[in-house]
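One structure is given below, encoded as structure tokens.
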Amino acid sequence: MEMQKIYIAGHRGMGGSAILRRLQARKAGGEAMKLITRKHAELDLADQNAVRAFMQAERPDTVILAAARVGGIHANNTYPADFIYENLMIECNVIHQAFAAGVGRLLQLGSSCIYPRQAPQPMGEDALLTGTLEPTNEPYAIAKIAAIKLCESYNRQHGTDYRSVMATNLYGPGDNFHPENSHVLPALMRRFHEARAAGRKEVVIWGTGKPRREFLHVDDMAQASLFVLDLPREVYETKTRPMLSQINVGSGTDIAIADLARMVADVTGFTGRITFDASRPDGTMRKLMDVSRLSELGWRARIPLAEGLKEAYRWFLDNQDDLRR
């Protein structure tokens, strides 16, 4: 079997590290592959010349673009210029320089935030560019939409096989538990953990608790991403169109924030009161991905939320010291 050279950009992030783990397992199982990674200190993906030199030297067969500047609402609101600039630069450099180095196969990871704020639920792939984006993360979303269109355009003009998967809210090992910059699930987990440790009797959560969100374990996302990458081109293209090529990756189910909070409290051992501050904004009332296209191709999520939350909490406990730094 011919040796495949696979470059994973962003291998230290939550999504990239999960994909790397799955590829390492495949390699250990006998698949012929060379896995290429670089830390940010070794390769700044926002530096065009550095990315060009790297791609020309390594000449990978496949590129998996999991690198991105990411964060929660606070981070997106505070650093909008950083989010749009850095993500555009990373995408443009990696995708174009991959093409220039002869890379025929590329997979780039995106997010459900690319869809309009008022998109019909569940959100299908054809909702892209049909309405106004959520203002709080519009710069990031525009950058990720640009990455989809870059891939589509290189496919149209140059015959490459560049694909995009759009994931719902991810959680699991490698998540960001920062008190200000994390997403809702790790933020809740940290708050309940710290409340239990401090002996507090109450945790107050912003909003009514009624909004519904979808969550996918990062290991499921990694499996789905490689599933999409490995699809024969003729099969993949039967489920996409030249300018609508992204595929949604999600669990296909959602949960109210109030119910999620109770699940997280149970996992962390918090037994006090959970109250909701209805004077605070709820945000979008529902965000659920339509994953019928991926289901028809033969993939479904496997890790139940209750099981995944326990694993995520174990990872948090094992890595607390590192997360405080």
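At a glance:
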{"read-out": "Relative intensity, log₁₀ I(q)/I(0), of the stretch 250-325 from a Debye sum that treats every alpha carbon as a point, q = 0.26 Å⁻¹", "value": "-1.18"}
{"read-out": "Folded to 0 to 90 degrees: helix 80-100 orientation relative to the chain principal axis, Cα", "value": "30"}
{"read-out": "Rg and Dmax [Cα atoms of the stretch 150-294; Å; Rg one decimal, Dmax integer]", "value": "19.1, 61"}
{"read-out": "Nearest 10 degrees, 0 to 90: helix 305-318 Cα axis against the chain principal axis", "value": "90"}
{"read-out": "Volume of the Cα convex hull of the stretch 1-153, divided per residue and given in Å³", "value": "128"}
{"read-out": "Descending semi-axes in whole angstrom, ellipsoid equivalent of the stretch 225-291, from the Cα gyration tensor", "value": "39, 16, 7"}
{"read-out": "DSSP bridge pairs, the chain: antiparallel proportion in percent, nearest 5", "value": "10"}
{"read-out": "The chain: Rg to Rh, with Rh as the Kirkwood radius over Cα pairs", "value": "0.96"}
{"read-out": "Cα long-axis angle, helix 48-58 against the chain (0 to 90 degrees, to the nearest 10)", "value": "60"}
{"read-out": "Within the accessible area of the stretch 107-158 (1.4 Å probe), percent carbon and sulfur", "value": "50"}
{"read-out": "Solvent-accessible surface ranking, highest first, for Leu226, Leu317 at 1.4 angstrom", "value": "Leu317, Leu226"}
{"read-out": "Centroid-to-centroid separation of the stretch 155-227 and the stretch 264-325 [C-alpha atoms, Å]", "value": "6"}
{"read-out": "Computed label-point distance, nm, for sites Glu31 and Arg156 using a 7 Å Cα→Cβ extension", "value": "3.1"}
{"read-out": "Accessible area per residue, Å², the stretch 1-71 with all protein chains present, probe 1.4 Å", "value": "52"}
{"read-out": "Most mobile of Gly102, Gly252, Gly159 in a GNM of the chain (Cα contacts under 10 Å)", "value": "Gly159"}
{"read-out": "Apportionment of accessible area to carbon and sulfur, the stretch 191-325, percent (1.4 Å)", "value": "48"}
{"read-out": "Heavy atoms of His158: accessible area, 1.4 Å probe, square angstrom to 10", "value": "80"}
{"read-out": "Viscosity 0.890 mPa s, temperature 25 °C, Stokes-Einstein D of the stretch 1-73 from Kirkwood C-alpha radius, µm²/s", "value": "187"}
{"read-out": "Gaussian network model of the chain, springs between alpha carbon atoms under 10 Å - residue of Ala100, Ala57, Ala18 with greatest fluctuation", "value": "Ala57"}
{"read-out": "Pairwise label distance in nanometres, Arg196 with Glu234, each label 7 Å out on the Cα-Cβ vector", "value": "5.4"}
{"read-out": "Gain upon complete extension [Lys149, Lys39; 0.36 nm per residue less C-alpha separation]", "value": "36.9 nm"}
{"read-out": "Kirkwood Rh in Å, taken over the stretch 76-222 so that all alpha-carbon pairs contribute", "value": "17.5"}
{"read-out": "The stretch 91-148, relative contact order in percent, only Cα pairs under 8 angstrom and at least six apart counted", "value": "35"}
{"read-out": "Of Lys144/Lys239; Lys34/Lys310; Lys5/Lys287; Lys210/Lys310, pairs whose Cα-Cα distance is over 27 Å", "value": "Lys34/Lys310; Lys5/Lys287"}
{"read-out": "Extended-chain gain in nm, criterion 0.36 nm per residue less alpha-carbon gap, Arg21 and Thr253", "value": "81.0 nm"}
{"read-out": "Residue-averaged [θ]222 nm for the chain, counting only DSSP H segments that reach four residues, each worth -39500 (n - 2.57)", "value": "-14000 deg cm²/dmol"}
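The values are calculated or read from the model by the stated rules, or taken from the named source; none is laboratory data. Owing to the predicted nature of the structure, the values given are computational and were not obtained by experimental measurement. Note that each Cβ is placed from the backbone with ideal geometry, even for glycine, and that neighbours are counted across all protein chains shown. Remember, those area values only see protein heavy atoms, side chains included, never the ligands or the DNA or RNA. Shrake-Rupley method; radii C 1.70, N 1.55, O 1.52, S 1.80 Å.
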